[in-house]
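Shown next, in structure tokens, is the structure this report addresses.
Values quoted throughout were computed directly from the atomic coordinates according to the rules given, and no laboratory measurement underlies them. The model shown is predicted, which means the values in this text are computed figures rather than measured ones. When we count neighbours, we look across all protein chains shown, and the Cβ atoms used for this are built from the backbone with ideal geometry, even at glycine.
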Amino acid sequence: MDQGNNSRVTEFVLYSLPGPRELQLFYFTFFTLLYLFTLLGNFLIVLTVLSEPALQTPMYFLLSNLSFIDACLSTFATPKMIVNFLTEHKTISFAGCMAQIFFQHALVGTEMMLLVAMAYDRYVAICRPLQYAVIMSIHKCIGLVVGSWLIGVLHSVSQLVFTVNLPFCGPNKVDNFFCDLLLVIELACTDTYMLEILMLSDSGLLAMISFVLLLISYMVILVTVQHRSSEGMTKARATLTAHFTVVTLFFGPCIFIYAWPFNNFPVDKVLSIFYSVFTPLLNPLIYTLRNKEVISAMQKLRTRKISS
Ligand SMILES: *[C@@H]1O[C@H](CO)[C@@H](O)[C@H](O)[C@H]1NC(C)=O
């Protein structure tokens, strides 16, 4: 695929798991099932929240928005990866590669902001219960959702404008299952060191700010919960544990990937899979399996479906 020095790269080659045909078929089936399961789980949550009047509260609106993003997050790269298990040439067009970069950063940025919004919602509910209805109005809730998307998209665009115009003149092997921003930038035929640092700080700053905000709000909530021991606090604690698990699962891989970006550890690839395939699946499992209200709403939904 080596082209002349002046020609422009029109497609990139993605990494795929090695192995004989039978193994590829196994990967294909395994990841297809996981993917379908993820879509089903997340859309079930969105459907349940939007159709059950008892769940029409800010907390569940934010949760269903999170599920919607998870469904998108599992879609920006996984189908391509799945198809690549069966194809000989594991290529992706230039535009497709840029689209993957855009969606990855927009969705991850938005999800981070949404997790912060959810923590804020729990902070108000637990630490200011009497003013909850006033502070978390439906307008505030919509504002938080729109704001999260705005920050996510702006963050992504700010990185993409620098990337699309780079001179790609030959090397086109991306050493991952999808077009990872830093790996793609490294392929450009120019000194990209400063750009890499810039991108890294851009993503890192966003992640760091949301992580610190999350830590602070959960610490304040935990301290508040400690000093009370009513029945409602037991429920609050269960919700908090679910939130905390999701946040840990989300930021854990992120921090790993971005803390060691210049090493070519295979750990990078393992984490990329974890984070684009498993995390979107885990969120609905964590929230629904631990949440009686969601489970009973889903049962109601099913009975309604059967009787109609
Ligand atoms: C997202 O949140 C907004 C604002 O609360 C809500 O109106 C909307 O229905 C939610 N969307 C989804 C897909 O859950």
**Item:** Difference of contour (0.36 nm per residue) and Cα-Cα distance, Ser16 to Ile209
**Value:** 66.1 nm
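R0 = 45 Å: FRET efficiency of Ala99 with Phe244, Cβ-based, nearest 0.05?
On the way: r = 33 Å, r/R0 = 0.73.
For R0 = 45 Å, the calculated efficiency reads 0.85.
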**Phi to ³J(HN,Hα) by Karplus 6.51 cos²θ - 1.76 cosθ + 1.60 over the stretch 140-145, Hz, x for Gly, Pro** = 4, 4, 4, x, 5, 5
**Asked** What distance in nm separates the simple spin-label points at Val83 and Leu222, each placed 7 Å from Cα in the Cβ direction?
**Response** 4.5 nm
**Request:** For the stretch 11-303, report the convex hull volume of the alpha-carbon atoms normalised per residue, in Å³, without decimals.
**Result:** 135 Å³
**Message:** How tilted is helix 231-259 with respect to the longest principal axis of the chain? Cα atoms for both, answer in degrees (0 to 90, nearest 10).
**Reply:** 10 degrees
**Prompt:** Where a Cα-Cα gap under 19 Å defines reach, which aspartates and glutamates qualify for Lys235, not counting those fewer than 8 residues away within the same chain?
**Reply:** Asp121, Glu293
**Request:** Have a look at Thr288, Thr29, Thr78 and tell me which one the Gaussian network model of the chain (Cα, springs below 10 Å) gives the largest fluctuation.
**Result:** Thr29
**Top of Asp70, Asp202, Asp191 by mean-square fluctuation, Gaussian network on the chain, Cα under 10 Å** = Asp191
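By counting other Cβ atoms within 10 Å of each Cβ, how are Ser51, Ser67 ranked from fewest to most? Spell out each step's value before the answer.
On the way: Ser51 13, Ser67 25.
So the ranking, lowest neighbour count to highest, is Ser51, Ser67.
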**Request:** Once you have a ≥ b ≥ c as the square roots of the Cα gyration tensor eigenvalues for the stretch 1-112, tell me rounded if a/c is under 1.5, and otherwise prolate or oblate according to whether a/b is larger than b/c.
**Result:** oblate
**Prompt:** Quick one: Ser308, Ser272, Ser16, fewest Cβ neighbours within 10 Å first, how do they rank?
**Reply:** Ser308, Ser16, Ser272
